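Trainee: Sending over a structure as structure tokens; questions will come in a sec.
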Amino acid sequence: MKTRITELLGIRYPIIQGGMQWVGRAELASAVSDAGGLGVLTALTQPTPQALGEEIKRCRAMTDRPFGVNITILPTASPPPYEAYLDAVIDAGVGILETAGHNPRALIQKAKLHGIKVVHKCTSVRHALSAERAGVDAISIDGFECAGHPGEDDVGGLVLFAAAADQVKVPLIASGGIADGRGLAAALALGAEGVNMGTRFCATQEAPIHPNIKNALLAASERDTNLIFRTLHNTGRVLKNAVSDEVIATERRPGGCEFKDIHGLVAGARGRAALESGDVDGGLVWASQVTGLIHDIPACAELLERMVAQAREIFDARQAIFQDRDRQ
Ligand SMILES: Cc1cc2nc3c(=O)[nH]c(=O)nc-3n(C[C@H](O)[C@H](O)[C@H](O)COP(=O)(O)O)c2cc1C
């Protein structure tokens with residue numbers, strides 16, 4: 001396949017694995033890159049910038065294809081040393097950075113000075129345009145269906161991708177709600193030049209999480225996610241489970257809820273333990289509405305080949321519709 005995204009990132013298929021806390025490790029990133037997409041390591045999954053440097057080395061030993069690193073800027077009182085994480089990316093010579101979260105301008109500018117290609121992931125057209133002005137090379141835009149933080153505008157991908165394609169000039173990557181070749185074809189039809197996936201990559205052979213979690217994604221339907229942190233204006237989409245149900249119940253309490261009331265439930269360490277131990281109700285499990293589209297746990301290479309073949313078939317079949325009409 002050839003789009004501005006495959007050309008920009010030096011990949012065979014315009015399919016990207018988005019940054020995923022506790023999941024975006026070398027096992028998954030190298031498998032996605034080897035399969036022809038772009039694998040992405042998640043910087044903050046590593047405890048220190050030095051550890052990120054080691055993880056980059058580990059990933060390089062597992063694939064000779066390009067991969068990227070995600071740095072997510074979180075709204076937190078005690079921020080991690082973002083710039084030192086970026087320095088680890090620069091020192092290791094990684095050529096692709098995915099930024100996400102609040103006000104990444106300083107990171108974007110420093111990365112660009114070092115010749116790194118920057119993809120910024122956001123959830124609205126206005127933030128996409130602002131990142132474009134800051135000099136990013138591509139925009140990844142997350143529709144409301146997505147896992148993680150969909151923003152507060154609640155605009156689904158069908159409208160958001162087309163609205164972004166109308167205004168953004170750099171290549172656009174559609175993210176959120178995509179799990180198969182139909183999603184890839186739809187994203188291309190709406191004006192995106194690639195897709196970004198999170199949840200679908202969690203349900204692959206190479207995802208470094210417990211099989212119980214993969215099976216829970218397989219069993220879940222498109223109705224089995226919860227929107228948490230709505231009352232705190234920092235909405236997150238996660239798998240429906242005992243913990244996310246309790247978070248919502250706490251948020252709905254008369255008198256409302258402050259972050260400290262749910263902190264113990266949503267702590268990152270607890271989510272990490274759930275992913276590693278396979279205790280599906282042990283913590284937050286970030287997941288999107290594509291749980292309704294996951295019916296198996298393939299290897300990344302099989303998933304990507306299948307997606308591309310399905311998208312190609314769809315475009316071929318649609319062409320026939322118009323040819324038939326022209327003949328009438
Ligand atoms: C387990 C998990 C962890 C995630 N962690 C992050 C993260 O740390 N930073 C980030 O920018 N996005 C994160 N995301 C969001 C994904 O990168 C991607 O934008 C999203 O999953 C796309 O929606 P989809 O799941 O429908 O494909 C996470 C998603 C999942 C499923």
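The values are calculated or read from the model by the stated rules, or taken from the named source; none is laboratory data. The model shown is predicted, which means the values in this text are computed figures rather than measured ones. In this analysis, Cβ positions are derived from the backbone assuming ideal geometry, glycine residues included, and neighbour counts consider all displayed protein chains. The accessibility values were calculated without ligands, DNA or RNA, using every heavy atom of the protein model including side chains. Shrake-Rupley method; radii C 1.70, N 1.55, O 1.52, S 1.80 Å.
Trainee: Please list, ordered by first then second residue, the pairs with beta carbon atoms under 7 Å, 6 or more apart or interchain, first in segment 35-60 and on the phi > 0 side of the Ramachandran plot, second surrounded by 19 or more Cβ atoms within 10 Å (Cβ to Cβ).
Mentor: G36/I11; G36/Y13; G36/L304
Trainee: Output the residue which, of all residues in segment 186-203 that are open to solvent by less than 10 Å² (accessible area, probe 1.4 Å) and more than 8 Å from the ligand (Cβ to nearest atom), is nearest to R12 (Cα to Cα).
Mentor: Going through the qualifying residues, I end up with G194.
Trainee: Specify which of the listed residues (E222, E246) is part of a loop (DSSP other than H, G, I, E, B), among the charged types (D, E, K, R) and either open to solvent by less than 40 Å² (accessible area, probe 1.4 Å) or in contact (Cβ under 8 Å) with a residue 12 or more places away in the chain (or both).
Mentor: Just a single option satisfies the conditions, and that option is E222.
Trainee: Oh, and also: Taking the options T63, T99, T76, T72, name whichever one is surrounded by fewer than 19 Cβ atoms within 10 Å (Cβ to Cβ), touching a helix residue (DSSP H, G or I) at 6+ places or on another chain (Cβ under 7 Å) and among the hydroxyl-bearing types (S, T, Y).
Mentor: Checking each option against the conditions leaves just T63.
Trainee: In segment 283-304, how many residues are over 24 Å from G157 (Cα atoms) and more than 14 Å from the ligand (Cβ to nearest atom)?
Mentor: Qualifying residue count for the region: 5.
Trainee: Kindly provide the set of residues from segment 228-240 that are touching a helix residue (DSSP H, G or I) at 6+ places or on another chain (Cβ under 8 Å) and not β-branched (V, I, T), ordered by number.
Mentor: Scanning segment 228-240 gives F229, R230, L232, R237, L239.
Trainee: A follow-up question, please. Restricting attention to segment 150-185, report how many residues are hydrophobic (A, V, I, L, M, F, W, C) and within 13 Å of the ligand (Cβ to nearest atom).
Mentor: Adding up the residues that qualify gives 7.
Trainee: Still on this structure: Output the residue which, of all residues in segment 28-47 that are part of a helix (DSSP H, G or I) and within 14 Å of the ligand (Cβ to nearest atom), is most open to solvent (accessible area, probe 1.4 Å).
Mentor: This residue is L44.
Trainee: Going by what's in this entry, would A92 be described as modelled with pLDDT of 95 or more and open to solvent by less than 20 Å² (accessible area, probe 1.4 Å)?
Mentor: no
Trainee: Of the residues G183, G191, which is touching a Phe, Trp or Tyr at 6+ places or on another chain (Cβ under 8 Å) and modelled with pLDDT of 95 or more?
Mentor: Of the residues listed, the single one that is touching a Phe, Trp or Tyr at 6+ places or on another chain (Cβ under 8 Å) and modelled with pLDDT of 95 or more is G191.
Trainee: Tally the residues that are β-branched (V, I, T), open to solvent by 20 Å² or more (accessible area, probe 1.4 Å) and under 23 Å from the mean Cα position of the chain (by Cα), restricting the search to segment 226-243.
Mentor: 0
Trainee: Quickly run through segment 131-179 and pick out the residues that are touching a helix residue (DSSP H, G or I) at 6+ places or on another chain (Cβ under 6 Å) and surrounded by fewer than 21 Cβ atoms within 10 Å (Cβ to Cβ).
Mentor: A134, G135, A163, Q167, V168, V170
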